[in-house]
Structures are given as C-alpha cells and as structure tokens.
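Report on the following structure.
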Amino acid sequence: MVTTPREQLLKQLDRVDHLPSLPVVIAPLLSYLQQPLDSLQVNEVARLIEQDESLAAQCLQLANSPLFGRWQAVESVRGAVVSLGMRRMREITTACSLINLTPKNCPIDPTVFWEHSLGVALACRHFAREIGYDDPDKAYLGGLLHDFGVVMCFWVAPKEFALAYAQASSSHVPLAEAETAVLGIAHPEVGRVLAEKWHMPSDLTQVIAWHHDPERATEHQALVALVSLADLLCRMSGIGYGYTEDREVDITHETAFRVLLAACPDLQKLDWERFTFEMEAYLEEVRRLVSLVYRRK
Ligand SMILES: [Fe+2]
Ligand SMILES: [Fe+2]
C-alpha cells in the first residue's frame, strides 16, 4: 500500500504524546511573570531565576551588556532584575524557554525561528494595545505560539521539513506553501492536530490552526486575525524565517484586516507609518536579545 508523505506524517503525529519538557524552573517563572507587571515582586523573580544556574548567568551577562547601556557593574541576580526591568525579564525568560523546545540537532538554524516567534509576540501585544483589543497578553501568547506546528515539524519530520524549508528559502515563497508541496501538509495543520490532541486552550488552537487563513477560524476570529497580521508584518520587515518572500503585501487588503476591523473599529484609525516605525525599534531589540541568548549556548 502506497502511503503519501502526508499520511506518514499524520501517523507520526499520532505517536507523539508529549511536549519536550521545559526545565522545571522556567515553567513557574514564566507563569509568575504572566501576572500584571506592577504586582510582580523583584525578590520573588530573583529567587526563581537563581534556581537555574544557566538562566541566572544569562541574566547577569545581559544586565552587564553594553546593549542596555550599563554604567555600573551588576553582580547579583536581584540587581540584574532591577536593572533590566520586569518587562525585559519576561522576554528573556520566554526566549530561554523557547530555546529549550528545539531539538539538539535541529536541521535549520532555530535562531531565526525564535526571533520570528518573539517578534510576532511583541508585534501582537503592541498592535493589540494600539487598536483597543481587549487582551494584549493573550495576543502576546498567541503570537509566541502561532507557529507551534513548525516546532513540531522539527521533532517529527526534521529531514523532510529541512527540505521544505530549503525550497521555500531558495524560491522565496511562504513556508507553508513549500511545506504543502514537499510534505503534503503545512505547519498550521501539524500544529492543530497536536494542539487538539493535547487539549490546548481553544483560542490558542484556533491561532495555531488558522493564522494563515483567519476566515476559517470557527471561534476567536479577531485574535486569529490579529496574530495573522502581526505575523505578516514581521515577515515583511525581515523578521521571517531568515529569507525574504517575493511578494507585495497591502495589509489593508488582507482578509485578516477585514476580520479584525469588524471586532476593533479603531484599526481604521491606526497610523501605520508611526506603528511600523515603533515596531522597527522593538524588533531591533528582539534581534539583539535572541543573538545574545544564543551566543552563550
Ligand atoms: Fe505560520
Ligand atoms: Fe509565523
């Protein structure tokens, strides 16, 4: 019986039964940092960080990095938390935890992938605030996890995925298009299968499944459309997967724009020039953060 690459991959997905685990320390720290910034205690954050030697070293190194314009040496984790600020601590621990989700012998350089995920997460949160979307933190999480299917491809079909990636980057087409051509299935579907199997929250599952096709989301359409636009913005401004896509995009003509506009009328008033200018500054910080975190590995 002939099985297609798609059928083989679906069979493999059926056998995967858990996520590679996050270090025990990072999970409580990440969940603590999800609380409102003004309710966070510096001592508690420092205590959680100190339990993971490599994370503590990373924070000290970052706090002393010229990137943050330090004029005084930071010698303790507590000092690093104060100096870097809670907001930045959240990005750093997120970056560290995402890196732990990548298999050791990943077929493609995962740096660009994490840069993209963090970039989309930040773009989502900023975008959400600008247009009055009611849950900017949920938007951040949606952005961070939207390409969950790609991470799963790293694990279940690394060779085939590397082939699809090579095709996408050499012909400058969207990744999902090359995946469909090579694997017969693209990362949103791979992500959806596992998100459903592991009972991930329905809003995140919808984002993972439909961020390239927001009209097909059966619920949480505004969130899916918001992530979809942020993803597109990042890919168009060089925070994609390490290659450029050959196409012209007019955001206001995207389906996602129409879907989001229905839920957030303030989208119409958004000053795109200012917004993209601010995004560039954010994304520059993401690039530096990812490269700093990676250099230690
Ligand atoms: Fe995607
Ligand atoms: Fe993406």
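We did not get these values from a lab; they are worked out from the coordinates using the rules stated. As the structure is a prediction and not an experimental result, all values here were calculated from the model. Neighbour counts are summed over all protein chains in view; Cβ atoms, including those assigned to glycine, are modelled from backbone coordinates with ideal geometry.
A few comments on the model shown:
- Compared with the dominant principal axis of the Cα atoms in the chain, helix 158-171 is inclined by about 80°.
- Summed over qualifying helices (DSSP H, 4 residues or more, each -39500 (n - 2.57)) and divided by its residue number, the chain shows a 222 nm mean residue ellipticity of -20000 deg cm²/dmol.
- Highest to lowest packing among 255-261, 189-195, 57-63, scored as the average C-beta count within 10 Å: 189-195, 57-63, 255-261
- Total formal charge among the other residues, if their Cβ is under 14 angstrom from that of G240, Lys/Arg +1 and Asp/Glu -1: -4
- Between 0 and 90 degrees, the angle of helix 5-15 with respect to the longest Cα principal axis of the chain falls at about 50 degrees.
- In loop segments of the stretch 221-297 as defined by DSSP, the GluC sites (Glu not before Pro) with at most 16 further C-beta atoms inside 10 Å of their C-beta are E248, E254.
- Cα-Cα over 26 Å, subset of K11/K138; K138/K269; K11/K104: K11/K138
- For the chain, the longest principal axis of the alpha carbon atoms and the long axis of helix 136-145 meet at an angle near 60°.
- Each Lys or Arg adds one and each Asp or Glu takes one away; over the other residues whose Cβ falls under 12 Å from the Cβ of Q41, this sums to 0.
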